[in-house]
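Here the structure comes first, spelled out in structure tokens, and everything after it is commentary.
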Amino acid sequence: MGEKIVMPFQYRLSITRQRKTMALRVHQDGSVEVRAPHFLKQAQIRQFVAKRADWILKRQRYFQELTQNYPAKEIQNGETFPLLGRNFRLRLERRPGLETPYCQAENGRLKVFISGQVGDELKTAAWGAIRSWYSGITEFKARAVIDRHAPALAVKPVTLKTCDQARRWASCSKSGGIRCNWRLAMMPMPVLEYVVVHELCHLKTHDHSPGFWRIVKSALPDYEKRREWLRAWGPGLSRSSIC
């Protein structure tokens, strides 16, 4: 009789016919997700998870510290929101009868113009305006980066879109489409530039081989410094801007 495996956490299991191997993920809320092919037995899955228990607990502690150090943003006057690396203080402005909420940044303030919403309706309206505003800035800045670097890299993106990517700052498809996380406008401009250039280089090669990084360096000689900023501050920035 095999030894019973006891784990200090629970996990959510998804059985699929598409996968041939198991995959494991720890989400920001600390939950654990396991995806496994349909032909594996429960004992095999539990053994797979148990062998990675230390890593899972380490990731859960990491996300717990992240939540404590970078609490989710609140829709209230005085809350800080970063724009291109500079912090702005939120200020809610009432405009009775206003049909579409919108944002405006000036004099260190991020003004959100809303109508008469309160409670959850206020949060939904304000967050919608904030996200739309950041999306517009992200797209504008990303397009400027593309216009600057694409000719030198001899690439030509087909489309550029902003979206809410939970696990990525940006991505590109083999067909030439680039997708940017709307939160990119929260970063300093050099870091935003690095993220977009990174995807432009993937239009030449879709791996992270030494050759890929040589292409990145040819466009941005100091890319390693920008990448270090992203690694250090990116997780907290993503956490602090969850809506």
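The values are calculated or read from the model by the stated rules, or taken from the named source; none is laboratory data. All figures in this text were calculated on a predicted structure; none of them were measured in a lab. Ideal geometry is used to build each Cβ from the backbone, glycine not excepted, and the neighbour counts take in all protein chains shown. SASA here: full protein model, heavy atoms, side chains in, ligands and nucleic acids out. Shrake-Rupley method; radii C 1.70, N 1.55, O 1.52, S 1.80 Å.
Taking the 1.4 Å solvent-accessible surface of the chain as the whole, the part contributed by carbon and sulfur is 48%. When shorter helices are ignored and each DSSP H run of at least 4 residues is given -39500 (n - 2.57), the per-residue value for the chain at 222 nm works out to -14500 deg cm²/dmol.
Note on the chain: the C-alpha convex hull projects to 17.2 nm² when averaged across all orientations.
Just how many % of Cα pairs in region 76-141 lie over 15 Å apart, if you round to the nearest whole percent? Looking at region 76-141, the distances longer than 15 Å represent 49 percent of pairs. Farthest toward the positive end of the dipole of region 1-114, out of ILE75, VAL49, PRO37, is the Cα of PRO37, where the dipole comes from beta carbon charges about the Cα centre.
Per residue, the average separation of C-alpha pairs within less than 8 Å and at least 6 apart gives the chain a relative contact order of 15 percent. Can you compute the label reach from ASN77? Point 7 Å from Cα along the Cβ direction, backbone N cut-off under 11 Å, restricted to region 89-133. In region 89-133, the label zone of ASN77 (backbone N under 11 Å from the point 7 Å along Cα→Cβ) covers 91-94.
Lysine pair count for region 115-243 with Cα-Cα distance under 22 Å and sequence separation of 8 or more or different chains is 14. The trypsin sites (Lys or Arg not before Pro) of region 3-59 meeting both criteria, a DSSP state outside H, G, I, E and B (loop) and at most 11 other C-beta atoms within 10 angstrom of the site's C-beta, are LYS4, ARG17, LYS20, LYS41.
In Å², what does the accessible area per residue of the chain work out to with a 1.4 Å probe?
Result: 60 Å² per residue.
By how many nm would the segment from THR100 to MET189 grow when fully extended, if each residue of separation counts as 0.36 nm and the alpha-carbon distance is taken off? The partial results should precede the final answer.
Values: separation 89, 0.36 × 89 = 32.04 nm, distance 2.86 nm.
Length difference between fully extended and current span is 29.2 nm.
Could you name the lysines whose alpha carbon sits less than 22 Å from that of LYS20, not counting residues in the same chain fewer than 8 places away? Partners found: LYS41, LYS51.
Would you mind getting the Kirkwood hydrodynamic radius of region 179-243 from its Cα pairs, rounded to one decimal in Å? Walk me through the intermediate numbers first.
Values: mean 1/r = 0.0803 Å⁻¹.
Computed over Cα pairs of region 179-243, the Kirkwood hydrodynamic radius comes out at 12.5 Å.
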